[in-house]
1. What number goes with the only condition from (1) at the interface with chain A (Cβ under 10 Å from one of its Cβ atoms); (2) of a type in the set (A, V, I, L, M); (3) open to solvent by 40 Å² or more (accessible area, probe 1.4 Å) that B:Ala16 does not pass?
2. I need a count of the residues in the range B:85-137 that are touching a Lys or Arg at 6+ places or on another chain (Cβ under 8 Å) and within 30 Å of B:Gly36 (Cα to Cα).
3. Which of the residues spanning the range B:26-48 are open to solvent by 40 Å² or more (accessible area, probe 1.4 Å) and either within 13 Å of another protein chain (Cβ to nearest Cβ) or touching a residue at least 60 places away in the same chain (Cβ under 8 Å) (or both)?
4. In the range B:85-128, which residues are within 11 Å of chain A (Cβ to nearest Cβ) and open to solvent by less than 50 Å² (accessible area, probe 1.4 Å)?
5. Which residues, taken from the range B:49-84, are open to solvent by 50 Å² or more (accessible area, probe 1.4 Å), at pLDDT 90 or above and farther than 30 Å from B:Ala34 by Cα?
6. Looking at the range A:75-118 only, could you name the residues that are assigned to a helix (DSSP H, G or I), exposed (fewer than 15 other Cβ atoms within 10 Å of the Cβ), more than 9 Å from chain B (Cβ to nearest Cβ) and small (Gly, Ala, Ser)?
7. Which of the residues that make up the range A:33-56 are crowded, with 19+ Cβ neighbours inside 10 Å, part of a loop (DSSP other than H, G, I, E, B) and either without any contact (Cβ under 8 Å) to a residue 40 or more places away in the chain or of a type in the set (D, E, K, R) (or both)?
8. Filter the range B:11-48 for residues that are in contact with a strand residue (DSSP E or B) (Cβ under 6 Å, 6 or more places away or on another chain) and among the hydrophobic types (A, V, I, L, M, F, W, C) and give the result.
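The values are calculated or read from the model by the stated rules, or taken from the named source; none is laboratory data. Bear in mind that the values here come from a model prediction, so they are computed numbers and not experimental data. We place every Cβ from the backbone using ideal geometry, glycine too, and count neighbours over all the protein chains shown. For accessibility, only protein heavy atoms count, side chains too; no ligands or nucleic acids. Shrake-Rupley method; radii C 1.70, N 1.55, O 1.52, S 1.80 Å.
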Amino acid sequence: MGIDFDKALGLHPEALKLRAERTKILASNIANENTPGYQARDLDFAATLASVTAEEGGGLALDTDALYRVPNHASKDGNTVELGVEQAAFSQNASDFQTSLTFLNMKLKGLAKAISGQ
Amino acid sequence: MTFRNIAQIAGSAMTAQSVRLNTVASNLANAQSAAGSEAEAYRARKPVFAAVAERAGGVAGARVQVLDVVQSDEPVRRAHEPDHPLADADGNVYYPNVNSVAEMTDMMSASRAFESNVEVMGRVKQMQAALLRLGEG
């Protein structure tokens, strides 16, 4: 009887990868704060994770397009980046990344103990 | 690799904001540079930014690119100073169309935006370092 690592680790590896992808989108939003006409985007994290884990084989096929953010206030140059919103999202996303990483580390430690028979 | 893309995105924004700070410095430095004719007068420079989508695996990010640095077409200020060494036949000199207040606010906006991107880069570095320690201890 072997250990199925994909099953043992749960959805944390997928979540981690999705968090990293979301970091890229949020970093793009912050980077383009002063670009005229730039429209801020974001992932629907829960929906994307659900669609990724529902797929057979469990591979991450991120061909889903990011959704456009609805701004609280209009701006004259058509830019929809609101720095406060983006910074909050970025910070929360980074914390969630660390959380997934910690869970993954705990799972790996558990597996290591099981393998060494402690 | 995602993290390298993020570093490139934040880096492109930092470059763009540096260009912007550069033009502000140039504009403020030359704000009082008089010239003998309208054509020779210094004109305020402004960078033009554009978002460049990059799809290198996964979802698309967007870098910032400086498309061009354009000169302001606001009219330059004409002053009647006959004893100025650069004055023309009518005793006029021409001062740049630099708006110091606008330049100062631009400078603050650019430095804040630069700082935001430095923070992003620092945080991403932490995330990558944490990922590298996965499975340790």
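1. Single failed check for B:Ala16: (3).
2. 7
3. The answer is B:Leu28, B:Asn30, B:Gln32, B:Ser33, B:Lys46, B:Val48.
4. B:Asp106, B:Ser109, B:Ala110, B:Ala113, B:Ser116, B:Asn117, B:Val120, B:Gly122, B:Val124, B:Met127
5. If the condition is that a residue be open to solvent by 50 Å² or more (accessible area, probe 1.4 Å), at pLDDT 90 or above and farther than 30 Å from B:Ala34 by Cα, then B:Arg63, B:Gln65 are the ones that fit.
6. Result: A:Gly84, A:Ala88, A:Ser95, A:Gly110, A:Ala114, A:Ser116.
7. Result: A:Glu33, A:Leu43.
8. Answer for the range B:11-48, where residues must be in contact with a strand residue (DSSP E or B) (Cβ under 6 Å, 6 or more places away or on another chain) and among the hydrophobic types (A, V, I, L, M, F, W, C): B:Ala13, B:Ala16, B:Val19, B:Ala34, B:Ala35, B:Ala41, B:Val48.
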